[in-house]
Amino acid sequence: MPANRIEDKDAIAQRELDGPFSEVVFDIELAKTDKPELQHRHARPRAKEDEQDQHSQLAGTAKV
């Protein structure tokens, strides 16, 4: 994945950084599926996931 080095003073100031930075653009395409076995949440930890997010996600797996 190529990284673009940004040295523009306005771009640095806009991001409130102290100096040049690198920018990587990810172009991700998700594929829709109707297969239940492919529609599951992996058990790995996620960044910036708080307790409210976890409760919300568990609500979708509740058995009634």
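Scanning segment 21-40 for residues that are over 21 Å from Ala3 (Cβ atoms), open to solvent by 100 Å² or more (accessible area, probe 1.4 Å) and among the hydrophobic types (A, V, I, L, M, F, W, C) returns Leu30, Leu38.
Applying the set (1) exposed (fewer than 10 other Cβ atoms within 10 Å of the Cβ); (2) modelled with pLDDT of 85 or more to Ala43 leaves exactly one unmet item: (2).
Quick test of your reading of the structure: Leu58 fulfils all but one of (1) open to solvent by 100 Å² or more (accessible area, probe 1.4 Å); (2) within 16 Å of the chain's Cα centre (by Cα); (3) at pLDDT below 70. Name the failing condition by number. With (1) open to solvent by 100 Å² or more (accessible area, probe 1.4 Å); (2) within 16 Å of the chain's Cα centre (by Cα); (3) at pLDDT below 70 applied to Leu58, the lone miss is (2).
The values are calculated or read from the model by the stated rules, or taken from the named source; none is laboratory data. Treat the numbers as computed from the prediction; the structure is a model and nothing was measured. Note that each Cβ is placed from the backbone with ideal geometry, even for glycine, and that neighbours are counted across all protein chains shown. Remember, those area values only see protein heavy atoms, side chains included, never the ligands or the DNA or RNA. Shrake-Rupley method; radii C 1.70, N 1.55, O 1.52, S 1.80 Å.
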